[in-house]
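Read through the structure below, which is laid out as structure tokens, and then see the notes.
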Amino acid sequence: MEADFQSSKVRSTDWKKLSFAIVGLGLIGGSYAKALRLLGAKQILGMEHNEATLAQAQAMGIIDVGMTAVDERLAQADVVICAIYPEAIASFIKSNVEHFKADVLITDVAGIKNNMIAEVQAALSPGMEFISGHPMAGRQSSGLGMAEAAIFHNANYIIVPEKGNSEAAICWLETFAKALGCKNTVRVTPEEHDRTIAFTSNLPHVTAVALMDSASYNEKTKYFVAGSFRDGTRVADINPELWCALFLANKDKVADEIEKYMEQLELWRKALRAGDGETMKELMRTSAARRKELY
């Protein structure tokens, strides 16, 4: 019965008629609020435990209603966007099912999925739906002060459907992503999402941190830095609390990617020790071809 309801329900994409609630007003949550303001959303509710951040969002005019704790006003939201740490999403939704609108559509921005999607879906009442997403957008620094609607422009938006999702909800999120300014949307499984993120996001952050923590770093290093070192270590200025949680939530896959990376470094080490220029040139030809294909 629930599947029939979900498959037949049409989700509105008339943003001016929809009320949105954003849980967490950091970099990404604040960027959603700014983007929704530009889209002319009917109402934007912001939920944030930090009272100073909430006051800042209200002063900026990017939310209409501010809440430091959930109350009956959450039921006004047609769509709820969870822009909080991955491990907090399931707990938040489970604790507040009774406060959601009967046919609410909930989504997230979590960088790691694991079993969270199925766990959340199992907690919802019939008529409610959770469709997981992940905008591939971000900045070196964090916090509401860095939020910008333009963060989504030309970005990719990963959509992670599970068995409980209707095609209507998936299509709604695809349309929403395009309205935000995203260039592409792609559907993947939770396993595909987490394994790929371990390679394209987690590993580069580990690498940047490792470079900055290297024993070769000293007081004169700054005088020898050009584009390659600057670009390669850009993401070393990292939010330890957030990224530690992300790394640990995806620890096995991140460790696997580190091992694969070490295998590549070992090829370079051996080639250098042996003076094997041909191997090094072949490694560079392969990487150059892949880079050109990527961009």
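Quick notes on this one:
- Close amide H pairs (under 5 Å, H built 1.01 Å from N) link Phe130 with Ile106, residues at least 5 positions away or on another chain.
- Amide H contacts of Gly46 (H built 1.01 Å from N, in plane; Pro and chain starts excluded): Ile22, Asp64, Val65, Gly66, Met67 sit under 5 Å, all sequence-distant by 5 or more or on other chains.
- Cα gyration tensor shape for the stretch 1-96, rounded if a/c is under 1.5, else prolate or oblate: oblate
- The chain: angle of helix 277-294 to the longest principal axis, Cα-based, in degrees nearest 10: 20
- Given charges at Cβ of Lys, Arg, Asp, Glu: the stretch 199-295 dipole, positive-most of Phe199, Phe247, Leu265: Leu265
- DSSP beta bridges confined to the chain are antiparallel in about 15 percent of cases.
- Cut-off 20 Å (backbone N to label point 7 Å along Cα→Cβ of Arg139), residues of the stretch 210-242: 231-242
- Cα-Cα over 32 Å, subset of Lys9/Lys113; Lys17/Lys253; Lys94/Lys251; Lys178/Lys253; Lys16/Lys292: Lys17/Lys253; Lys16/Lys292
- Cβ-placed point charges (K, R +1; D, E -1), dipole of the stretch 216-290 about Cα centre in debye, nearest 20: 300
- Atom-type composition of the exposed protein surface of the chain places 54 percent of the accessible area on carbon and sulfur (1.4 angstrom probe).
- Radius 13 Å from Cβ of Gly277, net charge of other residues (Lys, Arg +1; Asp, Glu -1): +1
- Under 18 Å from a label point set 7 Å out along the Cα-to-Cβ vector of Leu39, the amide N atoms of the stretch 124-159 belong to 129-138, 147-159.
- Here the Karplus curve 6.51 cos²θ - 1.76 cosθ + 1.60, taken at θ = phi - 60°, turns the phi angles of the stretch 85-97 into couplings of 4, x, 5, 8, 5, 4, 4, 4, 5, 4, 6, 10, 3 Hz, with x standing for Gly and Pro.
- For a straight C-alpha distance cut-off of 16 angstrom, the lysines reachable from Lys281 (same-chain residues fewer than eight places away being disregarded) are Lys270.
- Under the simplified labelling scheme, the Ser214-Lys270 pair shows an inter-label distance of 2.2 nm, with each label point 7 Å from Cα along Cα→Cβ.
- Ignoring aspartates and glutamates fewer than eight residues from Lys220 along the same chain, the ones with Cα atoms less than 20 angstrom from its Cα are Asp231, Asp237.
- Whole-Hz couplings from phi, Karplus 6.51/-1.76/1.60, listed for the stretch 17-29; x for Gly and Pro: 9, 10, 9, 10, 10, 10, 9, x, 10, x, 4, 6, x
- Asp256-Ala75 pseudo-label distance in nm [points 7 Å out on the Cα-to-Cβ vector]: 4.5
- Sorting Val160, Val188 by solvent-accessible area of protein heavy atoms yields Val188, Val160, largest first, with a 1.4 Å probe.
- Nearest 10 degrees, 0 to 90: helix 251-274 Cα axis against the chain principal axis: 20
- Each Lys or Arg adds one and each Asp or Glu takes one away; over the other residues whose Cβ falls under 12 Å from the Cβ of Arg230, this sums to 0.
- Most tightly packed first, judged by the mean number of other beta-carbon atoms within 10 Å of their residues, the peptides 275-281, 130-136 read 130-136, 275-281.
- Helix-only mean residue ellipticity at 222 nm for the chain, each DSSP H run of n ≥ 4 adding -39500 (n - 2.57), per residue, nearest 500: -14500 deg cm²/dmol
- Dipole of the stretch 34-107 computed with +1 at Lys/Arg Cβ and -1 at Asp/Glu Cβ about the Cα centre; of Ile106, Gln43, Leu74, farthest Cα towards the positive end is Gln43.
- Student exercise, the stretch 43-172 dipole from Lys, Arg, Asp, Glu Cβ charges, in Debye to nearest 20: 280
The values are calculated or read from the model by the stated rules, or taken from the named source; none is laboratory data. Since this is a predicted model, take the numbers as computed values, not measurements. Quick reminder, even Gly has a Cβ in these numbers, built from the backbone with ideal geometry, and neighbours come from all protein chains shown. For accessibility, only protein heavy atoms count, side chains too; no ligands or nucleic acids. Shrake-Rupley method; radii C 1.70, N 1.55, O 1.52, S 1.80 Å.
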